[in-house]
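Shown next, in structure tokens, is the structure this report addresses.
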Amino acid sequence: MDASLKEIQATFAAVDEDKSGFIDVNELQRALVKGGYTLSLTSCALLIRINDNNGNGRIDFQEFAGLHRFLFQLQAAFAQAAGSPTATQINSTQLKSALDILGYSWIDGPAFSAMCLAFDPTRDSLFGLTEMIAIGSYLRSLTATFKGFDPQGRGTVSLTMNQFLYAASNTR
């Protein structure tokens, strides 16, 4: 069940340690660790960036509410693919199902395999919710960046090396 607006406001107030009205990457990382998710500072920065609508490097309450919805969607897809709301890991087949639920059914086999390897340093083909959050954030950023180079929605782009560097940097 999705959290109520009051619950999200209370969570925002608790995460906003300096009471600035914004959450920065360090505050988000500390909050996620308290919630049991060990995400790198880079992954937390990506979570901030994909929800930072005004580009100031921090998220306000409305942007935090969007982040909260995004994390809830990832958790729900993870649980549905696992077949259990209490599952702590899913295999690569279940991960593909979770990504399909989230609208990423366009990912083909070779691209999916390469992505799995990138997010599975132990090579055990098992993914926890922490990895699911990192993958979901990566795909959301990747999709937005690609759409910026493909405004007509053709599904193909041509990039210079500098554009490729820009695009690759935007997905981290």
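The numbers here are math on the coordinates, done by the rules we state, and not lab data. Worth saying up front: this structure is predicted, and the values here are computed from it rather than measured. Cβ coordinates were reconstructed from backbone atoms using ideal geometry, including for glycine residues, and neighbour counts include every protein chain displayed.
Order the peptides 101-108, 40-47 from the highest to the lowest mean number of other Cβ atoms within 10 Å of their residues. Numbers along the way, then the final one.
On the way: 101-108: 13.8, 40-47: 18.5.
Result, highest mean first: 40-47, 101-108.
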Taking the Kirkwood radius as the inverse of the mean 1/r across Cα pairs, report the Rg/Rh of the range 35-74. 0.96
Based on the Cα gyration tensor of the range 131-170, what are the three equivalent ellipsoid semi-axes, each the root of five times an eigenvalue, rounded to whole Å and given largest first? 20, 13, 6
In order over the range 139-149: 3J(HN,Hα) from phi, Karplus 6.51/-1.76/1.60, θ = phi - 60°, whole Hz, x for each Gly or Pro, gives 5, 5, 5, 4, 4, 5, 5, 4, 4, x, 8
Taking 8 Å as the Cα distance limit and 6 or more residues as the minimum spacing, I'd like the relative contact order of the range 5-170 as a percentage. 18
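As a test of the definition: which semi-axes, in Å, follow for the range 1-123 when you take the square root of five times each eigenvalue of its alpha carbon gyration tensor? Largest first, please. The partial results should precede the final answer.
Values: eigenvalues 154, 55, 38 Å².
Each semi-axis is the square root of five times an eigenvalue, giving 28, 17, 14 Å.
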Translational diffusion coefficient, Stokes-Einstein: compute it for the range 65-172 using the Kirkwood radius over C-alpha pairs as Rh, at 10 °C and 1.306 mPa s, and state it as an integer in µm² s⁻¹. 107
Please report, in debye to the nearest 20, how large the charge dipole of the chain is about its Cα centre when each Lys and Arg carries +1 at its beta carbon and each Asp and Glu carries -1 there. 220
Test of understanding: what is the full-extension gain from Asp108 to Ser4, defined as 0.36 nm times their sequence separation minus their Cα-Cα distance? 33.8 nm
Computed ³J(HN,Hα) along the range 90-105: with the Karplus parameters 6.51/-1.76/1.60, θ = phi - 60°, integer Hz and x for glycine or proline, the list is 10, 8, 5, 5, 5, 4, 4, 4, 4, 5, 4, 4, 7, x, 9, 5
Mind checking which lysines have their Cα closer than 24 Å to the Cα of Lys147? Skip sequence neighbours fewer than 8 apart in that chain. Lys96
Place a point 7 Å from the Cα of Thr38 along the Cα-to-Cβ direction; which residues of the range 55-99 have their backbone N under 18 Å from it? 88-90
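How much length would be gained if the chain were fully extended between Asp18 and Phe61, taking 0.36 nm per residue of separation minus their Cα-Cα distance, in nm to one decimal? Could you put the intermediate results ahead of the total?
Numbers: separation 43, 0.36 × 43 = 15.48 nm, distance 1.40 nm.
Stretched out fully, the Asp18 to Phe61 stretch lengthens by 14.1 nm.
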³J(HN,Hα) across the range 40-50 via Karplus (A = 6.51, B = -1.76, C = 1.60, θ = phi - 60°), whole Hz, x for Gly/Pro? 5, 4, 4, 5, 5, 5, 5, 4, 5, 4, 6
Long-range amide H contacts for Ala3: which residues qualify at under 5 Å (H placed 1.01 Å from N, peptide plane, sequence gap of 5 or more or a different chain)? none
By how many nm would the segment from Arg69 to Ala118 grow when fully extended, if each residue of separation counts as 0.36 nm and the alpha-carbon distance is taken off? 15.1 nm
Nearest-0.05 FRET efficiency for Phe146 and Thr11 at R0 = 25 Å, using Cβ-Cβ distance, is 0.20
